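Have a look at the structure below, then the notes.
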Amino acid sequence: MGRKRHGRKVSDLDWAMEYVWDKITTTVATGRKTALMSVIGVRTDALIDSDLAGIMPVEDGYENITVFSPLKQWLLPDIRGLQGKVKPSSTDRGDVMSAVAVAVQQIDAATTGTTGKPLKFDRRIIIVTDGTGSLDTSDLAQIASKLKDYDPPVEVVLLGVDFDDPDSGYKEEDKDAHKENIETTLKEFVDQCDGTFGTLAEAIEQLAIPRIKDTRPTPSYRGTLTLGDSQTYDATITIDVERYPCIMPAKPPTASSFVVRTDLGGVGASTQSSHTIVGDGDYPMDGQLSAVRNQRVYQVDNPDEPGEKMNVEPDDLERGFEYGRTAVHISESDANVVKLENDPSLQLLGFIRAEEFERFLPMSRTNFIVPQKTNAQAQLALSSFIHALYEAECYAVARLVVKQDKPPLLIVMVPHITPTYEALVEAELPFEEDMRRYKFPPLDKKLTISGKTITEHKDLPNAELTQAMSKYVDAMDLSEYDKDDEGEPTEYAKIEDSYSPLLHRVNQIIRWRATHSDPTLPLPDPPQILTRFSAPPTDLLQQTEAQLETLKKAADVKKVPPKSKGRGKRSRADRDKPLSGLDIDALLGNPKRVKIDSNNLIPSFKQALAATDDLDAIQEAADAMADQIRALIRGSVSDSAYGRALEALRVMRDELTELEEPEIWNVFVRELKGEILGEKLGGNRRDMWWKMRGSKYGLIDRKRCFASDVTEEEAAQFYK
């Protein structure tokens, strides 16, 4: 399998391993300890595998078979270890069916309980072969019978390299007679096992299709649906129901924090806030890494040592709530008075007509209200209630308490009837304080102060623009743009055909990186199935060019000239020039360079920058401003002049940012930080540094100014 055939750029082995790696990494990503895997190599260089010695006799046809890994839960080190073992061998000896027998023996050993009875496992054997080499057919019937004796039977999947596929119409030309015989024999074996027979090309093509995970729903409420007060009156309706989510959003895996494993023996309890502890028993992905655990401690000001903190126990703290920027303390006794004691319940409050329900009111994801399982009386009662709502064209409003002492929710329940099941679809409704009522001006008219209505205005669409927009929207209609299998018009970009690029792209890259550890390798392109709906169809855009041009003409769309990336305010060439072309500053005798005046610090600095576009002059003004700021800090009695210095820093930072000269500021602020912390500005001036930190007068990063070479991470690190 080390050869490259049929115009492929990779060998048959590497091509087959694309599928194998995908199956392995997908299983590892689940993190399930009961998802056990084993990899067995056939026609390997090793004549006798030490793992098979004493179990499978070599003279019976088990030579050149290697168990790369026994049946176990795989982790990242196992993937990296297998990468160096799977490579083309120098022999063609080895029997595929003997390897299947080894796989069956491993399944027996790993999935049999202590009592000798097979445990409840889903078992699967995947065979990837090119159909060459030797094949022992003497035990095919016994192996097939053995595989079908399991409960449930072992699922057999066979993928062949360049095997004939009648469904896709592929047939290998000039196929060797030996390979054709083996291919026929393997297909008969798979049919005996009721397995799946396919080609490797088809399997790899389907790898790009994202896998949809069906999760087992968990009930969020189990109780009764009641109409009336069942504790006071007998004439009430009570139905045993359960509540399940209709859908749950699938989220990409989150990043975890790991540190290099160290010996923490003898380390006592932490006395620092935001301290991290390394778990000794953690084994995330690599033996040299360990997961980071967080420990939270609470600190308050120490009354005996001003400026220092002391640790307090959580039990000694009282609860407080934010009200604006004020912390409002509420004692435990006061909290108990206002605490609402609720029992789990689902109580009907009333009914509303379906046409009167506003679709913007639901506030949450939807849930299914279904009858209690194995309760025929509840199923009949809830079915009657659902049909009554459906026939009356009404929705039900109810009060829901999910768990003990949880705050109540106001919900709406909509009847949902399908040929296979019936249910109530439920969503949360807002309370009065949840409502936000905003007023917007009308889109088709303007009202003057005197009360006059204006229907023709430059900000209102005219009849020509409205008609042009209507035609363009109709031309971009996707409801019948696509074609089905019979060639009939159908919807384009159906929900079931579109996948989340964020979720599946992240999963794809994680699986790819697990098998490609070199960080210099470029990431693969996303599959076309994830990006095909990221832009309108090209031919549709071409068909609607005429409508778009008409719309542009009707809306009087004009191209905005691009903003020049120059020197900001310093680019005097971009300023408005007088029609006469005269230099007004020269005629009035205004100087090209303005001296920074300590008594008029900020205005004189702005005048100095506005008077020139020369970089040397700007640097000179910035240096003079920096000297004045240092003088303010050095001559300050306590913190009396810190306010003036901070304001000067703000103006200097803003002006240099607008001039797109962040490097001048960054050099200065680095020097200023070192001088303050080094006590070179008249003693201990650390309070000034804390004020600069609090005001965020640090480095100018790329987010604030594109001309900066400082990243956001470097700017954040500067404050530490």
If you take the residues of segment 489-511 that are without any contact (Cβ under 8 Å) to a residue 40 or more places away in the chain and among the basic types (Lys, Arg), which of them is surrounded by the most Cβ atoms within 10 Å (Cβ to Cβ)? 505
Among the numbered conditions (1) under 28 Å from residue 503 (Cα atoms); (2) touching a strand residue (DSSP E or B) at 6+ places or on another chain (Cβ under 8 Å); (3) in a loop (DSSP other than H, G, I, E, B), tell me where residue 255 comes up short. (2)
Residues 464, 456, 486: which one is outside any strand (DSSP E or B) and either under 37 Å from the mean Cα position of the chain (by Cα) or touching a residue at least 40 places away in the same chain (Cβ under 8 Å) (or both)? 464
Can you confirm whether segment 449-458 contains a residue that is surrounded by 10 or more Cβ atoms within 10 Å (Cβ to Cβ) and acidic (Asp, Glu)? no
Selection count, segment 607-650, where residues are crowded, with 16+ Cβ neighbours inside 10 Å and of a type outside the set (Gly, Ala, Ser): 16
Listed by range, helices (runs of 4 or more DSSP H) wholly within segment 615-720 having at least 2 residues that are more than 46 Å from the chain's Cα centre (by Cα), closer than 14 Å to residue 605 by Cβ and not aromatic (Phe, Trp, Tyr) are 615-634
Looking at segment 167-214, which of the residues that are part of a loop (DSSP other than H, G, I, E, B) and surrounded by 14 or more Cβ atoms within 10 Å (Cβ to Cβ) is farthest from the chain's Cα centre (by Cα)? 175
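Select from segment 234-249 the residues that are in contact with a helix residue (DSSP H, G or I) (Cβ under 7 Å, 6 or more places away or on another chain) and β-branched (Val, Ile, Thr) and list them in ascending order. Walk me through how you get there before you give the answer.
Applying the first criterion (in contact with a helix residue (DSSP H, G or I) (Cβ under 7 Å, 6 or more places away or on another chain)) to segment 234-249 yields 239-241.
Hits for segment 234-249 are 239, 241.
Quick test for you: out of 240, 229, pick the one residue that is farther than 30 Å from residue 503 by Cα, at pLDDT 80 or above and either within 28 Å of the chain's Cα centre (by Cα) or in a strand (DSSP E or B) (or both).
Details: 229 fails: either within 28 Å of the chain's Cα centre (by Cα) or in a strand (DSSP E or B) (or both).
That would be 240, the only listed residue that is farther than 30 Å from residue 503 by Cα, at pLDDT 80 or above and either within 28 Å of the chain's Cα centre (by Cα) or in a strand (DSSP E or B) (or both).
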Going by the structure shown, is residue 219 within 27 Å of residue 412 (Cα to Cα) and either at pLDDT below 80 or outside any strand (DSSP E or B) (or both)? yes
Only one of (1) under 17 Å from residue 220 (Cα atoms); (2) modelled with pLDDT of 95 or more is not met by residue 394, so which one is it? (1)
Looking at segment 364-382, which of its residues are within 39 Å of the chain's Cα centre (by Cα) and small (Gly, Ala, Ser)? 364
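Name the residues in segment 383-417 that are among the aromatic types (Phe, Trp, Tyr) and part of a strand (DSSP E or B), would you? Before you say what the answer is, go through the steps one by one.
Restricting attention to segment 383-417, the residues satisfying the condition of being among the aromatic types (Phe, Trp, Tyr) are 385, 390, 395.
Passing the criteria: only 395.
Please determine, by comparing only the residues of segment 388-402 that are under 19 Å from residue 242 (Cβ atoms) and without any contact (Cβ under 8 Å) to a residue 60 or more places away in the chain, which one is surrounded by the fewest Cβ atoms within 10 Å (Cβ to Cβ).
Initially, segment 388-402 is screened for residues under 19 Å from residue 242 (Cβ atoms), giving 389, 396, 398-402.
Now restrict to residues that are without any contact (Cβ under 8 Å) to a residue 60 or more places away in the chain: 389, 396, 399, 401.
On the way: 389: 20, 396: 23, 399: 15, 401: 19.
Restricting to residues being under 19 Å from residue 242 (Cβ atoms) and without any contact (Cβ under 8 Å) to a residue 60 or more places away in the chain, the top hit is 399.
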Among the residues of segment 1-23, count how many are over 18 Å from residue 92 (Cβ atoms) and loosely packed, with under 12 Cβ neighbours inside 10 Å. 4
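Please state which one of 127, 143 is assigned to a helix (DSSP H, G or I), touching a residue at least 24 places away in the same chain (Cβ under 8 Å) and in contact with a helix residue (DSSP H, G or I) (Cβ under 9 Å, 6 or more places away or on another chain).
On the way: 127 fails: assigned to a helix (DSSP H, G or I).
Of 127, 143, the one residue that is assigned to a helix (DSSP H, G or I), touching a residue at least 24 places away in the same chain (Cβ under 8 Å) and in contact with a helix residue (DSSP H, G or I) (Cβ under 9 Å, 6 or more places away or on another chain) is 143.
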Out of all the residues in segment 185-216, which are modelled with pLDDT of 90 or more and among the hydroxyl-bearing types (Ser, Thr, Tyr)? 185, 196, 199
Cβ-Cβ under 6 Å, sequence separation 6+ or interchain: first residue in segment 63-89 and over 18 Å from residue 2 (Cβ atoms), partner surrounded by fewer than 16 Cβ atoms within 10 Å (Cβ to Cβ). Which pairs? 63/47; 71/110; 73/33
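Within segment 423-458, which residues are among the charged types (D, E, K, R) and at pLDDT below 95? Talk me through it step by step, then tell me what you get.
Going residue by residue through segment 423-458, those that are among the charged types (D, E, K, R) are 426, 428, 432-434, 436-437, 439, 444-446, 452, 456, 458.
Those that are among the charged types (D, E, K, R) and at pLDDT below 95: 432, 433, 434, 436, 437, 439, 444, 445, 446, 452, 456, 458.
Considering only segment 418-446, how many residues are more than 30 Å from residue 381 (Cα to Cα) and either in a loop (DSSP other than H, G, I, E, B) or in contact with a strand residue (DSSP E or B) (Cβ under 6 Å, 6 or more places away or on another chain) (or both)?
Residues of segment 418-446 that are more than 30 Å from residue 381 (Cα to Cα), as a first pass: 432-446.
Adding the requirement that they be either in a loop (DSSP other than H, G, I, E, B) or in contact with a strand residue (DSSP E or B) (Cβ under 6 Å, 6 or more places away or on another chain) (or both) leaves 435-446.
Adding up the residues that qualify gives 12.
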If a residue must be farther than 21 Å from residue 28 by Cβ and assigned to a loop (DSSP other than H, G, I, E, B), how many such residues does segment 501-525 contain? 3
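The values are calculated or read from the model by the stated rules, or taken from the named source; none is laboratory data. Note that the coordinates shown come from a computational prediction; the quantities given were computed from them, not determined experimentally. In this analysis, Cβ positions are derived from the backbone assuming ideal geometry, glycine residues included, and neighbour counts consider all displayed protein chains.
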